[in-house]
Structure formats: structure tokens, C-alpha cells
Amino acid sequence: MKRVFSSHNLQLVHHLRNLLAAEGIRAVVRNEMLSSAMGELPPAECQAELWIVDVADAWRAEEILAPRPADGPDWTCACGERSGPQFTHCWRCGAYRPG
Ligand SMILES: [Zn+2]
């Protein structure tokens, strides 16, 4: 298990979990209930947290969760893998995006 994101915005945390799920990455939301304890606990401890189940997915999860530099066309790696514009690496072979 590895925490990859936390926020007071529970909807956002769930949205990101869905994004990961769409990529086949299992993730769970923690501290969901704590956000209702806000005011009694230090705010930083009340954030909902997104944890990935398999640490091996961490690198890919961070790519997915990273802010998109720009929208653009999909790109195709030398290995033939097609990736969305938000990816700076090929997830299959690890090569950097050309250009
Ligand atoms: Zn590749």
C-alpha cells in the first residue's frame, strides 16, 4: 500500500480513484469518515487519502495523477504503445515521450 494523494475534497479523491481504476490500478480511499471530524482534529489529519494497493503501480499512478501539462494528441512510443498526452513516459517500456 502506498499513499499517492490526499485532499479535503472527498469528491476529487474518489474521482482520482476512478481514474486509476480505469487504468487497472487498484486503489482505496482512506480517512473518508475523518473529514467529518474537521474542527476537532488538526486539518492535515482529516484529509481523505488515496492509497494504491500494489506499490508496483505507484509510478504509473503518479503519472496519471500528475497535473496534465497540456492537452494534446495521443503519442505513440517507439515500442508501439499508444499513450495519452498526460504521460511523459511510455508505461510499457519506460521510454521518454519523443519531443
Ligand atoms: Zn514504449
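The values are calculated or read from the model by the stated rules, or taken from the named source; none is laboratory data. Quick caveat, the model's predicted, so the values are computed rather than measured. Note: ideal-geometry Cβ built from the backbone for every residue, glycine included; neighbour counts use all protein chains shown.
Pick from the range 52-88 the residues that are surrounded by 14 or more Cβ atoms within 10 Å (Cβ to Cβ) and modelled with pLDDT of 90 or more: which of them is farthest from the ligand (Cβ to nearest atom)? Please lay out each step first, then the result.
Taking the range 52-88 and keeping what is surrounded by 14 or more Cβ atoms within 10 Å (Cβ to Cβ), we get 52, 57-58, 60-61, 63-65, 75, 77, 81, 83-87.
Next, only the ones that are modelled with pLDDT of 90 or more stay: 52, 57-58, 60-61, 75, 77, 81.
Details: 52: 22, 57: 17, 58: 19, 60: 13, 61: 18, 75: 10, 77: 3, 81: 4 Å.
Looking at the filtered set, the residue picked out is 52.
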What are the residues in the range 89-98 that are exposed (fewer than 12 other Cβ atoms within 10 Å of the Cβ), within 18 Å of residue 66 (Cβ to Cβ) and more than 9 Å from the ligand (Cβ to nearest atom), if any?
96
